[in-house]
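Heads up: the structure comes next, in structure tokens.
The values are calculated or read from the model by the stated rules, or taken from the named source; none is laboratory data. Owing to the predicted nature of the structure, the values given are computational and were not obtained by experimental measurement. Here Cβ is always computed from backbone atoms with ideal geometry, including for glycine, and neighbour counts include all displayed protein chains.
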Amino acid sequence: MRLRIVLPDRIRLDVEVRRIVAEAPDGSFGLLPNHIDFVSALAPGILVYEDSAGRERYAGIQAGTLVKIGDEVRIATANAVLGDDLEILQRRARTVFREAEERERAARSALARLEAQMVRRFLELEQTP
């Protein structure tokens, strides 16, 4: 099977794999090469895959969608962290995802302030004789 992890701005991973274990909101599931075509939402967590050499690898996923069609599995996610050591990957993923959430929160806050300023300006223009 070919596993592709796709981020909004790039392909984060594109490898041949023997198996995949992922986590959906209602529990984890596994995919093997002959699995039927499949679509699932992914919960934030650790995706486990076995590469073509038989080594277990990991990807921290910040939620997303998994689509399996034929011999290809695509995962669309906002962010992914890759690694070989599960403990190190978990720490790194927590840090990376927390930083991304903080940046997103700051951007939403700045946008809300900008919108409020625009509304105030429009109200000021309406009140001008």
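Per-structure values
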{"read-out": "Residues (assigned to a loop (DSSP other than H, G, I, E, B) and exposed (fewer than 15 other Cβ atoms within 10 Å of the Cβ)) located in region 51-62", "value": "Ser52, Ala53, Gly54, Arg55"}
{"read-out": "Of residues in region 81-101 being part of a helix (DSSP H, G or I) and among the aliphatic types (A, V, I, L, M), the one surrounded by the most Cβ atoms within 10 Å (Cβ to Cβ)", "value": "Ala93"}
{"read-out": "Every residue from region 39-49 that is closer than 15 Å to Arg4 by Cα and exposed (fewer than 15 other Cβ atoms within 10 Å of the Cβ)", "value": "Val39"}
{"read-out": "Qualifying residue in region 108-125 (condition: of a type in the set (Phe, Trp, Tyr) and over 15 Å from Ile5 (Cβ atoms))", "value": "yes"}
{"read-out": "Pairs where the first residue, in region 64-77, is under 15 Å from Ile11 (Cα atoms) and modelled with pLDDT of 95 or more and the second is surrounded by fewer than 21 Cβ atoms within 10 Å (Cβ to Cβ) and polar (S, T, N, Q), C-beta under 8 Å, 6+ apart", "value": "Thr65/Ser40; Leu66/Ser40; Ile75/Thr65; Ala76/Thr65"}
{"read-out": "Inter-residue pairs, beta-carbon under 6 Å, first free of Cβ contacts under 8 Å to residues at least 60 places away in the same chain and assigned to a strand (DSSP E or B) and in region 1-23, second surrounded by 15 or more Cβ atoms within 10 Å (Cβ to Cβ) and small (Gly, Ala, Ser), 6+ apart", "value": "Glu23/Ala43; Glu23/Gly45"}
{"read-out": "In region 90-107, the residues that are over 18 Å from Leu7 (Cα atoms) and in contact (Cβ under 8 Å) with a residue 40 or more places away in the chain", "value": "Gln90"}
{"read-out": "Exclusive hit being modelled with pLDDT under 90 and more than 14 Å from the chain's Cα centre (by Cα), set Arg98, Arg103, Arg94, Arg57", "value": "Arg103"}
